[in-house]
Amino acid sequence: MSKRYCIGLDLGGTSLKSGLVGETGEIFHFSKRPSGGALAAQAPLAAIAEAVDELRVLAGGIPAGIGLGAPGAIDPRSGSLVGTTPHMPHWSDFPLREAVESLLGVPVAVDNDANLAALAEHHWGAARGARSSITVTVGTGVGCGIVVGGEVVRGAHGGAGEIGHLPIGRGGLACRCGVEACLEPDMSGGGLARRAAASGLESAGAEDVFAAAAAGDRAAGALVEDLCDRLGLAIAIAVDLIDPGVVVLGGGVSEAGEALMSGVGRALGRYALASHRRGLRLVPAAMGERAGVAGAGLLAWRAATRAVADGAPLVGRLGSV
């Protein structure tokens, strides 16, 4: 049976995830490759071209559309990066959509990576059926996407939802964003690893701190509890502002499971309004590391659908994948 598809691309500072995304969220030929974000301005573009060429060969056809998620604030009108992002140190006010379209020779839909993960979880994942949802990804940093009525809330410059950089942190560790007393180092996996090292704990990463806490290490347990408290505080602020029905917790640190979920849940009980907690569901992400690719594919499907409605032909079809 033939299928139509879009290409979904999830660009990060260290890796580029890619795949073919069907109309109902199924992903074929998912893969990861180095993005080269720290190497040079052109390196991520080369990785994108390589991934798209590979997927076109695997699929044997031209995509109905291409969607790309990238870190930083992405202007929803121009598709350009607004200012800078530490994940792509060689980009500043970078015309991302224009550069990728010029490279590939086809239209490309572009948005912030956390927005697209949130879009995928809202439509196809853990928040499916909710009127409004927040998806928070906790990894080296903290990302957040907001979906209301099925649509991403982007803000004036594409930067809505940046709960990771609220200026209410303890200030013990500086954040690369430059915001004074930024909260992200207090509640991210990267910050947890840094604080663990400063405390003398032998740790290769956040997962080791959670493992040590589970094994009864008091110092590690205190660090984990503090991360959950600060993360719960940030989410509570978003809950009080947006009043979502579902909060989805994803990212690499979420693999800690119940230790993270229960800690954040307790913090939400302390910091969020009781009226907003009523009926609120805090749930683990369902789509894992594929959420960004799925969301980029959904963004591309929507762009392709609009193009057809405006009278343009759907770009391509393919055989079985």
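Each part gets one Cα centre, and for region 148-218 versus region 1-60 those centres are 28 Å apart. Peptides 112-121, 257-266, 138-147, 240-249, ordered by how many other C-beta atoms sit within 10 Å of their residues on average, highest first, read 112-121, 138-147, 240-249, 257-266. For region 126-286, list log₁₀ I(q)/I(0) at each q in 0.12, 0.14, 0.20 Å⁻¹, using the Debye formula over Cα point scatterers of equal strength and ignoring solvent, two decimals each. Evaluating at q = 0.12, 0.14, 0.20 Å⁻¹ gives log10 I(q)/I(0) of -0.49, -0.66, -1.29. Full extension of the segment from Glu225 to Asp208, taken as 0.36 nm per residue of separation minus the current Cα-Cα distance, would add 4.7 nm. Here the extension length gained between Leu39 and Ser102 equals 20.6 nm, from 0.36 nm per residue of separation less the Cα-Cα distance. Length available on full extension from Ala156 to Lys32: 0.36 nm per residue minus the Cα-Cα distance, which gives 41.5 nm. Each Cα pair under 8 Å and six or more residues apart adds its sequence gap; the mean of these over the residue count of the chain is a relative contact order of 24 percent. In the distance distribution for the chain, Cα-Cα pairs more than 34 Å apart total 22 percent. Taking every DSSP helix (H) stretch of at least 4 residues in the chain, weighting each as -39,500 (n - 2.57) and dividing the sum by the residue count yields a mean residue ellipticity at 222 nm of -12000 deg cm²/dmol. Computed over all pairs of different Cα atoms, the Kirkwood value for the hydrodynamic radius of region 1-59 is 11.8 Å. Placing +1 on the Cβ of every Lys and Arg and -1 on the Cβ of every Asp and Glu, with no other charges, gives the chain a dipole of roughly 600 debye about its Cα centre. Here the spin labels are modelled as points 7 Å beyond Cα on the Cα-Cβ line, and at Ala215 and Arg278 they lie 4.6 nm apart. Over region 53-155, the ratio between the Cα radius of gyration and 2.2 N^0.38 Å evaluates to 1.16. Beta bridges assigned by DSSP with both partners in region 126-286 are antiparallel in approximately 50 percent of cases. Taken one residue at a time, the phi angles of region 39-54 give Karplus couplings (6.51, -1.76, 1.60, θ = phi - 60°) of 8, 6, 4, 8, 4, x, 5, 5, 5, 4, 4, 5, 5, 5, 4, 5 Hz. Gly and Pro are set to x.
Shape summary of region 159-252, radius of gyration then Dmax from alpha carbon positions: 13.8, 40 Å. Inverting the pair-averaged 1/r between distinct Cα atoms of region 101-205 gives 15.5 Å as its Kirkwood hydrodynamic radius.
Readers should treat all values here as calculations from the given coordinates under stated rules, not as data from a laboratory. The structure presented is a predicted model; accordingly, all values stated were derived computationally and were not measured. Ideal geometry is used to build each Cβ from the backbone, glycine not excepted, and the neighbour counts take in all protein chains shown.
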